[in-house]
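Read through the structure below, which is laid out as structure tokens, and then see the notes.
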Amino acid sequence: MYNDIIFKLGEFATEAMIYEVSCFPSFGLVSPVSSGSHTDMDYFTFIDSTTALNRYFLEMASAGYSNDPINKIFSNARKIGEKAEKAMYSKTKGVNTHKGMIFVLGLGITASSKILYDGGNFNEISKLIKNMTSGIVDNELKNLSTKTNLTHGEKIFLEYGISGVRGEAEMGFPIVFDYALSLYDSNKKLGQNNRLVQALLGIMSQCKDTTILHRHDYETLLNLQKNSEILINSGGFTNSSNFSEINNLNSHNEKHGISPGGCADLLALTVFISKLKEEFFRL
């Protein structure tokens, strides 16, 4: 039973990563069709990185499937995540394909595994992520004024007060659990590619994506949120009259180097949680 759960969680994580990079149009993200807004990576860079990360997601699942207290589980998972980052950079020759994904999916896998170990219910996963990451924003982002060599996320917090993926985690990823999951699960009729793009549009309408803030500015982020919200509120891919505007938004992002990398991480988590919910909770 233990091995079945661990390997299934690893399988879902790998699927989620491949699904995310395989959908198109993806609004500046890498896909099989285009490198999007990126010149240093392509679809095969992501496949290489995904295969290198698989073993570490299995290790995170194993760390979660434990009677250890959640602070110890979270600490162990972050150490595994550090090893995963090194493996990613080694495989991609220094290109950051999945740093945010390692954190986001790693939390999803670790928390899910712990809930399965404890025999808990689906709704406890988001709560456990909140508990695991409680205090992470204060601990890691509130005392940066004297720190040197700031990460992109730390610089953005100082400039805009936006806590990025740490803040999302500390809230239990509400964009995923309270919004994107339902959007994704309710659109199976669109086919796999289009339901992924539909969920991505929805996430872009909600997420304060620090990847965009790092490369551009707050106005660029607000415009992307607004344009995505207009499309999703008018039906997104369920409304054929939106197709040209969806393609226009994709072309605009590619032309201007806009890439919603944080949204991509949340899309992968949405796919992972959807598969987990169906397999283990029969929901």
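The values are calculated or read from the model by the stated rules, or taken from the named source; none is laboratory data. The model shown is predicted, which means the values in this text are computed figures rather than measured ones. Using ideal geometry, Cβ is built from the backbone for each residue, glycine included, and neighbour counts are taken over all protein chains shown.
Residues that are part of a loop (DSSP other than H, G, I, E, B) and free of Cβ contacts under 8 Å to residues at least 24 places away in the same chain within the range 128-148 comprise K142, N143, L144, S145, T146, K147, T148, listed in sequence order. In the range 113-127, what residues are in a helix (DSSP H, G or I) and not aromatic (F, W, Y)? Across the range 113-127, the qualifying residues are S113, K114, I115, L116, D118, E124, I125, S126, K127. Note on the range 232-283: residues that are among the aromatic types (F, W, Y) and within 23 Å of G164 (Cα to Cα) amount to 1. Within the range 30-54, the set of residues being more than 18 Å from the chain's Cα centre (by Cα) and β-branched (V, I, T) comprises V33, T39. Listed by first and then second residue, the pairs linking a residue in the range 237-266 that is over 18 Å from K226 (Cβ atoms) and free of Cβ contacts under 8 Å to residues at least 12 places away in the same chain to a residue that is among the aromatic types (F, W, Y) and in a helix (DSSP H, G or I), with Cβ atoms under 9 Å apart and 6 or more places separating them unless they lie on different chains, are F243/F237.
Cβ-Cβ distances below 7 Å connect no pair with a first residue in the range 174-196 that is β-branched (V, I, T), a second residue that is at pLDDT below 95, and a separation of six or more residues or different chains.
Residues that are touching a Gly at 6+ places or on another chain (Cβ under 8 Å), surrounded by fewer than 24 Cβ atoms within 10 Å (Cβ to Cβ) and touching a residue at least 60 places away in the same chain (Cβ under 8 Å) number at least 1 in none of the helices (runs of 4 or more DSSP H) confined to the range 1-112. Considering G153, G202, G236, G167, the condition of being surrounded by fewer than 20 Cβ atoms within 10 Å (Cβ to Cβ) and small (G, A, S) is satisfied by G167 alone. Taken together, the criteria place F74 among residues that are under 18 Å from the mean Cα position of the chain (by Cα) and within 17 Å of L105 (Cα to Cα).
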